[in-house]
Amino acid sequence: MGKESIKFTIRQDGTVEEEVIGVQGDTCQGLTKDLEAKLGDLQMRVYKSEYYKQKDVTLQQNKNQTNG
């Protein structure tokens, strides 16, 4: 994926909207947890399609393993 970033939009009524960009899976919640706690009460959370995508996982077979 592209560059990871967090975009903040501060509305005229003082509410703050954050958007995590370039992150898949639930990693976004770990990135924003402390920020959200400092900003105040969370009114709503909307998950983008990237939240539901699996993280890239590479499995490697142990080459020293013998069959038998």
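Within segment 27-40, being surrounded by fewer than 12 Cβ atoms within 10 Å (Cβ to Cβ) and either of a type outside the set (Asp, Glu) or in contact (Cβ under 8 Å) with a residue 24 or more places away in the chain (or both) holds for 30, 33, 37, 38, 40.
Scanning segment 1-24 for residues that are exposed (fewer than 10 other Cβ atoms within 10 Å of the Cβ) and part of a loop (DSSP other than H, G, I, E, B) returns 2, 3, 11, 12, 13, 14. Across segment 46-64, the number of residues qualifying as assigned to a loop (DSSP other than H, G, I, E, B), open to solvent by 100 Å² or more (accessible area, probe 1.4 Å) and either at pLDDT 85 or above or not basic (Lys, Arg) (or both) comes to 9. Taken over segment 17-39, residues that are farther than 15 Å from residue 7 by Cα and either hydrophobic (A, V, I, L, M, F, W, C) or at pLDDT below 85 (or both) amount to 1.
The values are calculated or read from the model by the stated rules, or taken from the named source; none is laboratory data. Model, not experiment: these values are computed from the prediction. Here Cβ is always computed from backbone atoms with ideal geometry, including for glycine, and neighbour counts include all displayed protein chains. To get the accessible areas, we keep the full protein, side chains included, count just its heavy atoms, and leave off ligands, DNA and RNA. Shrake-Rupley method; radii C 1.70, N 1.55, O 1.52, S 1.80 Å.
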